[in-house]
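The values are calculated or read from the model by the stated rules, or taken from the named source; none is laboratory data. What you see is a predicted model, and the numbers here were worked out from it, not measured in a lab. For neighbour counting, all protein chains shown are included, and Cβ atoms are generated from backbone atoms with ideal geometry for every residue, glycine included.
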Amino acid sequence: MSSTHSKHEPLVAGTATSETTSLPEGKASVFDDLLATAPKPAWPDGHVVATCTEERHPTLTGRIHVRCEDVRGCVHESWVASLSGLRVRISDCVLVLKLPNQLDPIVIGVVDGFSRRPEAPKQIAQILEVKPDETLQVNAENGQPLLHITRNEQGPVIRLLQVDTQVELPGKLRISAGAIELCARKGAVRIDASDDVEIVGEAIHLN
């Protein structure tokens, strides 16, 4: 007597069956899609002039998206690394180097880096919120207070907490504002210069 499985008997794991899963008509499998997708052409070796299409990778730092076309009309696109210090913007022409023994090309220069282009927006690295009853204080390493930043009804107030303070820099100091007031609460105002002192204004009042 031959043993047979009832059609209501559950299948045991590992038991072979003659039933096969069929895909709907006209729908290809994932494997078929992979075979039908043409592989991307390899980036050409040597130096290539390409165009930057994206200046920032979504997750990786120091990578830009470039696009070029070789002599055969084949288009190459890739996210590539760039040398440190390069300021690459969208639509810039860049010089890309691909060594024969390297897998990925590298952007080694910007061809039109001297052309006028909009300044890149500054990104805020960190924000510190100060409430009306709070102040930001900067101390020296020994705990000595150096600087206070707070605000009043007119706006921010910066206070230097040392009795005598010196502002020094090797180049030119330029102060620009809608109006400037210099007030000496106690003592005189002294201006020293190693060259001419020039005062320009619509009207100059002395006392």
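Data table
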quantity: Selection count, segment 123-148, where residues are touching a Leu at 6+ places or on another chain (Cβ under 8 Å) and assigned to a loop (DSSP other than H, G, I, E, B); calculated: 3
quantity: Some residue of segment 48-56 being among the basic types (Lys, Arg), touching a strand residue (DSSP E or B) at 6+ places or on another chain (Cβ under 9 Å), in a loop (DSSP other than H, G, I, E, B) and at pLDDT 85 or above; calculated: yes
quantity: Hey, Val66 within 14 Å of Cys52 (Cβ to Cβ), without any contact (Cβ under 8 Å) to a residue 60 or more places away in the chain and part of a strand (DSSP E or B) or not; calculated: yes
quantity: Candidates Val107, Val197, Val189 - the one that is in contact (Cβ under 8 Å) with a residue 40 or more places away in the chain and either outside the structural domain of Glu77 (by TED's automatic domain parsing) or not in a loop (DSSP other than H, G, I, E, B) (or both); calculated: Val107
